[in-house]
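Quick notes on the structure that follows.
The values are calculated or read from the model by the stated rules, or taken from the named source; none is laboratory data. Quick caveat: nothing in here was measured; it's all calculated off a predicted structure. Glycine also receives a Cβ, built like all others from the backbone with ideal geometry; neighbour counts cover every protein chain displayed.
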């Protein structure tokens, strides 16, 4: 897999620096916060508020106070605590859905040279046309394809998340298990994307694309 090392120029002369629009930068950093918050809630429910572990702790602590509690009662209390965390996770999901809609709408209003679809087409055209800089063009095309894959994963994650949030609807309830499995699988793929993305940015800052983090803050 090619490292997602963003570059500041799409096979263009070095002086033609790409710029990121203010709405795109806003979307990027809010998405960082929302996705991080969503992943943190998953981590909390997998560790701190894990129903099996928490129910044992609840039962032990209550019994120390001289109160008798059954396994089912302790499990019910632990499950209620876990549900509170999942409730926060659901709100993060709603925010992510809103951000996805915003990003899709933004694509129509971006300047022509800032549109992701245009950058993807440009990278593909450069890859087919260029001979001297084929390695650079191949790298840029790979980066764009990985970003495109991320957007697809994000769409699937939002759709499956909303389906789980509205599982009271008969259709969603019928397919809850496969939807939940797909939602969890996409989460791991998004984690892989984040890891590759951060490594790519780190390598880019150390090599020939210094300032890309600053570009995502001030526009370049």
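Which ranges mark the helices (runs of 4 or more DSSP H) fully within region 1-115 that have 1 or more residues being in contact with a helix residue (DSSP H, G or I) (Cβ under 9 Å, 6 or more places away or on another chain) and at pLDDT 90 or above?
Values: elements: 22-46, 51-64, 71-109.
Answer list for region 1-115: 22-46, 71-109.
For residues that are part of a loop (DSSP other than H, G, I, E, B) and free of Cβ contacts under 8 Å to residues at least 60 places away in the same chain, scanning just region 164-207, find the one that is farthest from residue 92 (Cα to Cα). Write out each step before concluding.
We begin by selecting, within region 164-207, every residue part of a loop (DSSP other than H, G, I, E, B); these are 166-169, 175, 207.
Imposing the further condition that a residue be free of Cβ contacts under 8 Å to residues at least 60 places away in the same chain reduces the set to 166-169, 175.
Details: 166: 15, 167: 17, 168: 19, 169: 21, 175: 23 Å.
The residue in question is 175.
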